[in-house]
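Every number here is computed from the coordinates shown, using simple stated rules; none is lab data. Computed from a predicted structure; not experimentally measured. Cβ coordinates were reconstructed from backbone atoms using ideal geometry, including for glycine residues, and neighbour counts include every protein chain displayed.
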Amino acid sequence: MLAERQPVMRTALRILLSTVDGISVVSTLPHATDIPREAASHNPDVIILDIGAHTTITTIRASAPRAAIVVFTVSEDDVHAALRAGARGYLLKSTEPADIVHAIHSVAAGATILGPTVKTSFTDMFSFGQNPFPQLSTRDRELLDLLASGMDNHSLARHFHLSPKTIRNRTSSIFSKLGVSTRAEAIVHARQVGLGHKGGSQPP
């Protein structure tokens, strides 16, 4: 599902995504306020949302809790607000078409996507000393590192030989210690201090 205010961009995205195997555009909308109604009808896996609508993300998540929301924008100004509201991904409108497609496939599979420019924009937003995350144990830091590299909960469970439920509980505890409410925010924090750069490799 796609909600984009600019007609040209909305049409371009629809044409791009309609040509990709495995992606079906179920609805295109000019206003994000229409998403809750449309989501109830179409039950989308992914919703691409114009940045101007980040204040409606909470409402959208209530009506479509299983959908991954990707915020699409020309600016980085509201990154943190969108992620805190529950967006799973964040891309600039200058992103290459192939990267947009990759992002959609990735968030549908449970990953979190942050555009490269967006990642660096957090440099001035968060400030860490020489010992970042002193509130985390060594095991917590290892889990956060792997989470930030792209592992989903099932892969983390296999890696640590734990149940997915235990991993969910541990990640929730880490989020609480970091003072964040979403996986995307945790990843931003982790990457800012150099964690999460293992290429997202999966355990054997």
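The charge dipole of the range 2-117, taken about its Cα centre with unit charges on the Cβ atoms of Lys, Arg (+1), Asp and Glu (-1) only, comes to about 260 debye. With a simple spin-label model that places each label point 7 Å from the Cα along the Cα-to-Cβ direction, the separation between residue 34 and residue 136 comes to 4.2 nm. Relative contact order for the range 2-117 using alpha-carbon pairs under 8 Å, separation at least 6, rounded to a whole percent? Relative contact order of the range 2-117: 21 percent. Database remark: amide H of residue 48 closer than 5 angstrom to the amide H of 2, 3, 70 (H placed geometrically; neighbours at sequence offset of 5 or more, or on other chains; Pro and chain starts carry no H). Rounded, prolate or oblate: pick one for the range 138-192, where a ≥ b ≥ c are the square roots of the eigenvalues of its C-alpha gyration tensor, a/c under 1.5 means rounded, and failing that, prolate if a/b is larger than b/c, else oblate. Prolate, because a/c is 1.5 or more and a/b exceeds b/c.
Quick check: residue separation of residue 154 and residue 9 times 0.36 nm, minus the Cα distance between them. What number comes out in nm? List each step's numbers first, then the result.
Details: separation 145, 0.36 × 145 = 52.20 nm, distance 3.56 nm.
Contour length minus the Cα-Cα distance gives 48.6 nm.
Structural descriptor for the range 138-192: relative contact order 40 percent, calculated from alpha carbon pairs under 8 angstrom and at least 6 residues apart.
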